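The values are calculated or read from the model by the stated rules, or taken from the named source; none is laboratory data. Worth saying up front: this structure is predicted, and the values here are computed from it rather than measured. Glycine also receives a Cβ, built like all others from the backbone with ideal geometry; neighbour counts cover every protein chain displayed.
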Amino acid sequence: MKVLPAGSSSGALFASVPPSSPPPAHVPAVAPGTSTTDTPRDALVPAVAPGTSTTDAPRDALVPAVAPGTSTTDAPRDALVPAVAPGTSTTDTPRDALTLSLPEDASTHGHRIDELLASSHRFDAVLIAVALGWLVLAVWRFHQAKQAASDGGTRRSRAWVLGLALGAFAVVDGSLLLGSEGYLRDVLWNFHVPAEDPRTVRIEINAHQWSWEARYAGADGRFGTPDDVVTWNDLRVPVGAPVWVQLVSTDVVHGFSLPHFRVKLDAIPGRVNQTWFQAAREGAWEAACYQHCGTSHYRMRGVLTAMSPESYATWLREAGKQATQAYDAEDLAAHWGWEWKAP
Ligand SMILES: [Cu+2]
């Protein structure tokens with residue numbers, strides 16, 4: 001099977017998936033083409049909210065991607081899934097809800113974003129202190145002794161005000177500009193890193209109402225072949241290797257967000273967007289949608305699991321075998337995807 005005809009362009013994205021086709025509600029996390037009435041997973045699903053259409057398949061967003069109780073052939077994969085750290089992943093604990101700090105940084109480069117934020121906060125604090133101090137001083141010095149009317153200031157005082165404002169702007173925004181430029185050059189726009197690293201993991205992500213579908217090239221390294229591994233709300237990556245994501249949407253604009261990796265990327269119908277990141281350590285973290293994308297937007301979340309490179313390789317190999325066995329050339333809805341785009 002081929003996802004796209006040879007030589008097809010981006011115009012042929014999702015040619016086999018009608019735009020209005022509802023997301024398959026019961027597709028297992030791995031192995032497209034498996035029976036569409038996979039009831040064991042349903043047993044784990046919280047009740048659907050009143051008024052929610054049963055055809056909307058919003059439940060996928062809540063279902064563990066590899067649910068215990070699915071086919072026994074899943075067991076080897078289940079065994080590889082790291083335990084979800086408390087306070088991370090799919091549920092916000094009260095602690096998370098109350099904290100003002102950023103989520104923990106589980107990525108290799110996220111600290112550069114955090115440093116930019118921290119430095120701008122420091123500047124903000126200094127400016128607020130200066131402005132407030134100036135205000136208090138003025139109130140104290142001029143409280144009753146003077147007329148409450150502006151004299152418009154002198155030429156010298158106006159020069160001071162203008163100079164201070166321009167100076168603050170140059171220092172604060174200038175450092176943000178320089179810091180951002182460095183980050184863009186070194187990380188965000190630097191696709192040489194994932195392109196040149198042989199360990200790079202490429203993932204095609206298809207966002208739709210209301211779940212994340214991810215496609216991995218199998219052992220053959222090519223997308224659109226029977227050993228492609230397709231997961232639902234379940235991203236697996238190896239620690240320490242660049243992860244290169246290309247992202248689309250089949251319906252509305254979604255926002256792919258990995259808060260613990262400082263990753264945000266718009267998923268736009270008809271367009272392939274891309275980014276890359278790198279996991280710094282093993283664990284499981286939330287993958288969220290940051291664009292309001294419909295009634296069940298709040299359920300559009302998955303789990304990103306960072307695994308040891310060995311565990312990841314084992315998982316991909318096993319999942320690729322199962323995908324090959326379960327491959328169904330007739331299941332057109334399962335054959336979305338595209339040839340990997342050059343940066
Ligand atoms: Cu969304």
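Per-residue answers, yes or no, for (1) at pLDDT 95 or above; (2) in contact with a Pro (Cβ under 7 Å, 6 or more places away or on another chain); (3) in the same structural domain as residue 273 (by TED's automatic domain parsing):
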residue: 193; (1), (2), (3): no, yes, no
residue: 205; (1), (2), (3): yes, no, yes
residue: 208; (1), (2), (3): no, yes, yes
residue: 218; (1), (2), (3): no, no, yes
residue: 222; (1), (2), (3): no, no, yes
residue: 225; (1), (2), (3): no, no, yes
residue: 228; (1), (2), (3): no, no, yes
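Here residue 249 meets each of (1) buried (at least 24 other Cβ atoms within 10 Å of the Cβ); (2) more than 16 Å from the ligand (Cβ to nearest atom); (3) of a type in the set (Ser, Thr, Tyr) with one exception, condition (2). Restricting attention to the range 99-149, the residues that are free of Cβ contacts under 8 Å to residues at least 60 places away in the same chain, of a type in the set (D, E, K, R) and within 17 Å of residue 173 (Cα to Cα) total 2.
Each residue in the range 112-130 was checked for being over 25 Å from residue 260 (Cα atoms) and loosely packed, with under 12 Cβ neighbours inside 10 Å, and 3 of them qualify. Screening the range 165-211 for residues that are touching a Lys or Arg at 6+ places or on another chain (Cβ under 8 Å) and either within 16 Å of the ligand (Cβ to nearest atom) or outside any helix (DSSP H, G or I) (or both) and picking the one that is farthest from residue 279 (Cα to Cα) gives 210.
What are the residues in the range 222-258 that are touching a strand residue (DSSP E or B) at 6+ places or on another chain (Cβ under 9 Å) and of a type in the set (Lys, Arg), if any? The one that is touching a strand residue (DSSP E or B) at 6+ places or on another chain (Cβ under 9 Å) and of a type in the set (Lys, Arg): 236. With respect to residue 238, determine if the residue is in a strand (DSSP E or B), away from the ligand (no atom under 16 Å from the Cβ) and not polar (S, T, N, Q). Here the answer is yes, as residue 238 does meet what is asked. Here is a check on your reading of the model: is residue 222 buried (at least 23 other Cβ atoms within 10 Å of the Cβ) and not in a helix (DSSP H, G or I)? No. Within the range 253-260, one or more residues are away from the ligand (no atom under 16 Å from the Cβ), closer than 18 Å to residue 290 by Cβ and not hydroxyl-bearing (Ser, Thr, Tyr).
Taking the range 271-292 as the range and being closer than 15 Å to residue 205 by Cβ and away from the ligand (no atom under 15 Å from the Cβ) as the test, the residues that pass are 271, 272, 274, 275, 276, 277. Of all residues in the range 193-218, those that are in contact (Cβ under 8 Å) with a residue 24 or more places away in the chain and of a type in the set (S, T, N, Q) have Cβ atoms under 6 Å from Cβ atoms of residues that are away from the ligand (no atom under 16 Å from the Cβ) and in a strand (DSSP E or B), 6 or more apart or on another chain, in 200/242; 200/244. All of (1) under 17 Å from residue 213 (Cα atoms); (2) part of a helix (DSSP H, G or I); (3) touching a residue at least 60 places away in the same chain (Cβ under 8 Å) hold for residue 312 with one exception: (1). Set side by side, the residues 314, 324, 295 differ, and just one is within 16 Å of the ligand (Cβ to nearest atom) and hydroxyl-bearing (Ser, Thr, Tyr), which is 295.
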